[in-house]
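Have a look at the structure below, then the notes.
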Amino acid sequence: MSQSSSSTPTSGPRLASVSDRERRKILWGYFKRYRGLFAAGAIFLLLTNGLALAIPQQLGDAVQLMRDSVGASAEQLAETRQQVIRAAMIIIALAIGAGIARVYSRTTIFNAGRHIEFDLRNELYTHLARLTPSFFGSMPTGDITSRVTNDVTYVRLLFAIAFLHIVNAIVAYTIGIQRMVALDLGLTLWCLAPLPLLLLGMRSIIRALFEQTKRVQAELSNMSSRVQENLSGVDVIKAYTLQDREIDDYSELNTTFYEENVKLARIRAMLNAMIVLIANVGTLVVLVVGAQRVIAGTMELGTFVEFNGYVVALAFPTIALGWVFAVWHRGLAAFERICEVSNYEPDVADPGDLAEKLPTAEEHTALGHIEFDQVNFAYDGSPVLKDISLSIPAGSTVAIVGKTGSGKSTLVKLLARLYDPTSGQIRVDGVPLPQAPLRELRSEIGFVPQEPFLFSMTIGQNIRFGLDALQFDESLTRRAPTAPLIERLGSGTDGSISQQDRIDQAVKIAALDGDLEAFDKGLDTLVGERGVTLSGGQKQRTTIARALLTDPRILILDDALASVDTQTERRILDQLKELMHGRTSILITHRFNALSRVDCIFVLDQGELVEQGTHDALVEKGGLYAEMYARQKLREQLES
Ligand SMILES: Nc1ncnc2c1ncn2[C@@H]1O[C@H](COP(=O)(O)OP(=O)(O)OP(=O)(O)O)[C@@H](O)[C@H]1O
């Protein structure tokens, strides 16, 4: 039966472009999640402005009282003094009240922003964990890091700062303009008249701000990627004495980043100048038009002071809008970059609830029967595996050999569902892979990749890594150790094996015990980033122990013994054969010495399965395997 998949890995990230409408909808969803906090923040802003904008009235009244008291009797002056002091006390109380409400408005709204940042970061990280190698192979790690860290922070500011200042401006303008109109409609219109013109002039600056912000963020990602890559490959750079060239390249990137930032600063400065102009144009109008009215006697001095008080009070919310524009556009550009990742669909779909469970050990005496049925696979359209059909009986140990680039690693990656075939079907114990729950399938496969990866923790923690994953996911812990493992270790009185026993055993089978004895701290030895403090062979054997500890149904060693000597390789393979009894082991290797005892050897050539059989049968056949074997033997003889 042939099954086709629409998912073919591509060389570039298939970043989902998200329409503005969709993006707004997603942002609105986050906003709605914390609408209670935002609403509380808005109420505090109402309170802040209500109290703060009551001050100009008190000030105006006080000034008018003083103005009216010119030439008054001593008794009236004493009365006026009392009224002015009362007004001053009210102003102090209003200022304190407004200050307290301002603190609460900010903490409530910033708190909502922090919640959104927290959710967004967790959701993005969870999504990243689901993505497949085709995504990570095509987007630089530094770029991804920049999106998860910087861009998420910019989105927080978009919510917190933009909401705070936009709502603040709306509330302040509503209250302020209402009071200004009540005092003098004509003067209010004079103050507002230049605004539409200035706002129109700002439109093109705002558009330029958005585009420039995106450029700066992209440059920042470029720099992060370069730093991350160069630090990982620092040994190679030094070995080729390329430090100076790398320093030059980095300096060039840094210069571009600097120049783009300068352009951004220029646009922001222009925007700020416009905003400050808008904020101060009102004061200018009040001074010119209002003062003439006071002189002409058509406006009281107190009214003039009160009116001016409102205009001054509205200046800060207006200036803050300039900042909002910057934060808003940076936040939107950042959110666009986040959406590109979060909307990227994994190539490999998890069937989830529809999943068919893999058969259990009780149902089968041996586990890990693998079938490839007319499997084809292409990376970005170029075929790598062609019409592969093979069957690996449960409990057998097989090898995959072939020239470099013939598709061996790709074949086992399909088995672990790191990619899906372009066409054809793969089954494990009769269950087609797309129908098995992904986590269950992967937890049943002990995969030791070609390049061992260790985390910067202790050797013990690195080995326990797979086990921790099993224990973390309760649905997977039901798996009991297999009979061979129990036989080798003996079971406790309750039939269980301690975790330490399992680790010790895995360490022994992976031939890591001798190395651990040589380390002062044994399993507690720290390995440094990516395991830099260990030799290649030690790293490989640590990853083998890690895979064994999970007691997998299928064990895959992808050239995982290339860095160990032949004697150790033989010891490991002998012990593995015993441990994996009843389970399936797949060995990818370039060393033919190890293959005399495997049950079957599959020979790949340019993505095609050209031969299969035992070592002796293939040698006798005199085909590609025999040729490669003879060449290797000759090389060994020449070297010895
Ligand atoms: N992620 C990828 N994207 C695009 N092409 C890839 C990718 N991984 C492998 N290839 C290509 O697919 C082909 C098969 O690669 P694969 O790693 O499966 O070969 P292999 O037989 O395991 O090689 P080796 O013995 O050198 O490890 C090669 O031509 C390789 O360049």
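The values are calculated or read from the model by the stated rules, or taken from the named source; none is laboratory data. Model, not experiment: these values are computed from the prediction. We place every Cβ from the backbone using ideal geometry, glycine too, and count neighbours over all the protein chains shown. With ligands, DNA and RNA removed, areas are computed over all heavy atoms of the protein, side chains included. Shrake-Rupley method; radii C 1.70, N 1.55, O 1.52, S 1.80 Å.
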How do the peptides 231-237, 332-338 rank, highest first, by the average count of neighbouring beta carbon atoms within 10 Å per residue? 332-338, 231-237
How large is log10 I(q)/I(0) at q = 0.11, 0.14, 0.15 Å⁻¹ when the Debye formula is applied to the Cα atoms of segment 20-342, each weighted equally and without solvent? -0.84, -1.13, -1.23
Take the Cα radius of gyration of segment 77-176 and divide it by 2.2 N^0.38 Å, with N its residue count; two decimals is plenty. 1.87
Could you estimate the translational diffusion coefficient of segment 190-319 from the Stokes-Einstein equation, with Rh from the Kirkwood formula over C-alpha pairs, at 25 °C and 0.890 mPa s, in whole µm²/s? 130
How many percent of Cα pairs in segment 491-640 exceed 19 Å? 60
How far, in degrees from 0 to 90, does helix 35-52 lean away from the longest principal axis of the Cα atoms of the chain, to the nearest 10? 20
When only C-alpha pairs under 8 Å and at least 6 residues apart count, what is the relative contact order of the chain, in percent? 17
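Apply 1/(1 + (r/R0)^6) to the Cβ-Cβ distance of ASP524 and THR404, taking R0 = 35 Å, and write down the FRET efficiency to the nearest 0.05. Could you put the intermediate results ahead of the total?
On the way: r = 38 Å, r/R0 = 1.08.
Efficiency, rounded to the nearest 0.05: 0.40.
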Rounded to the nearest 0.05, what FRET efficiency do THR174 and THR141 give with R0 = 45 Å and r taken as the Cβ-Cβ distance? Could you check? 0.40
About its Cα centre, how strong a charge dipole does segment 360-639 have in debye, to the nearest 20, once Lys and Arg get +1 and Asp and Glu get -1 at the Cβ? 280
Between ASP565 and SER232, the FRET efficiency computed from the C-beta separation at R0 = 30 Å comes out, to the nearest 0.05, as 0.60
Using only C-alpha atoms and all pairs of different ones, pull out the Kirkwood radius for segment 392-445 in Å with one decimal. 12.4
May I ask you to order 118-128, 371-381 by the average number of other C-beta atoms within 10 Å around their residues, highest value first? 371-381, 118-128
Per-q log10 I(q)/I(0), segment 67-134, q = 0.18, 0.21, 0.26 Å⁻¹ (Debye; single scatterer per alpha-carbon; no solvent): -0.81, -0.90, -1.03
In deg cm²/dmol and to the nearest 500, what is the mean residue ellipticity at 222 nm of the chain if only DSSP H runs of at least 4 residues count, each as -39500 (n - 2.57), divided by the residue total? -20000 deg cm²/dmol
Arrange the peptides 569-577, 522-530 so that the one whose residues have, on average, the most other Cβ atoms within 10 Å appears first. 569-577, 522-530
Which percent, to the nearest 5, of DSSP beta bridges fully inside the chain are antiparallel? 55
On the first, second and third principal axes, largest extent first, how far apart are the outermost C-alpha atoms of segment 360-639 in Å? 51, 49, 37
What is the Rg over Rh value, at two decimals, for the chain, using alpha-carbon atoms and the Kirkwood definition of Rh? 1.18
Out of the total accessible area of the chain (probe 1.4 Å, heavy atoms of protein only), what percent is carbon and sulfur? 57
